[in-house]
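Engineer: Have a look at this one.
Just so it is clear, none of the values below were taken in a lab; they were calculated from the coordinates. Fair warning: this is a prediction, and the values are worked out from it, not measured in the lab. As a convention, Cβ positions derive from the backbone with ideal geometry for all residues, glycine included, and neighbour counts pool all protein chains shown.
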Amino acid sequence: MIKINLVPSEILAKAQQRQQNIQAAAVAVFLAAVVILLSLGRWATLKNLESTLGENHARLKKLEIVVAKVEELERTAAAVRARLNVMNDLLKSRPVYPYFMSDFVRSVPLGVRITNLNTAGGGSTAGPLKLNMTAESRSNEDIASWVKNMEQSGKFSLIELGAVTTAEGAERSYSFTLTTVYTPTL
């Protein structure tokens, strides 16, 4: 069987053109709907993120206030700790000079007279005391005895005897300088 189309080709071309226009419009409407939906999704996401950002900023301001209070408390605690450490150091070093004087007097022989004594160090850390002194003695043996006593005590170190000068008078006397380091045992 043979089919013969009796409709003129112009009408068929117009109908086909109309159908293509309708398909193109449908595709354009579909694409526009997709673009609009994507835009609405992005807009909703943006609004949601802006809302979250606002909430986070509000929470951040609250936390900044808390952090400022914590930092202030830490500074106060550090100041209190520093004062406490100073008091503890002072309590620790309080007996240094009494012990030093007791040990020092025990080491000085009868023939030696101290004319000047300077101390440096020690302080609040109960550390070693550096001693610089000038003294006079009746004999060289008294000087040697003093240095020996200091060495044997174990509390004096780095003992350095300076120049010994002899002074003639009614009695012979020896002037000298001595430096040493006293290490307290508390």
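Engineer: Going by how many other beta carbons lie within 10 Å of each one, how would you line up Leu161, Leu131, fewest first?
Structural biologist: By the 10 Å Cβ count, ascending: Leu161, Leu131.
Engineer: So what's the gap between the Cα centers of the range 110-162 and the range 91-106, to the nearest angstrom?
Structural biologist: Result: 14 Å between the Cα centres.
Engineer: Continuing with this model, one more query. Given the options Ala58, Ala82, Ala44, state which has the largest fluctuation in a GNM of the chain using a 10 Å cut-off (strictly under) for Cα springs.
Structural biologist: The residue with the greatest mean-square fluctuation here is Ala44.
Engineer: I want to check the label-to-label distance for Glu74 and Arg113. Put each point 7 Å from Cα in the C-beta direction and report it in nm to one decimal.
Structural biologist: Label-label distance for Glu74 and Arg113, simple model: 6.2 nm.
Engineer: Next up: Please identify, among Glu136, Glu171, Glu64, the residue showing maximal mean-square fluctuation in a Gaussian network model of the chain using a 10 angstrom Cα cutoff.
Structural biologist: Glu171
Engineer: So which aspartates and glutamates can Lys155 reach, going by Cα to Cα under 13 Å and dropping same-chain residues fewer than 8 places off?
Structural biologist: Hits, sequence-local ones excluded: Asp103.
Engineer: Name the residue farthest towards the positive end of the dipole of the range 8-93 from the options Ala28, Gly41, Gln16, assuming +1 on Cβ of Lys and Arg, -1 on Cβ of Asp and Glu, about the Cα centre.
Structural biologist: Value: Gly41.
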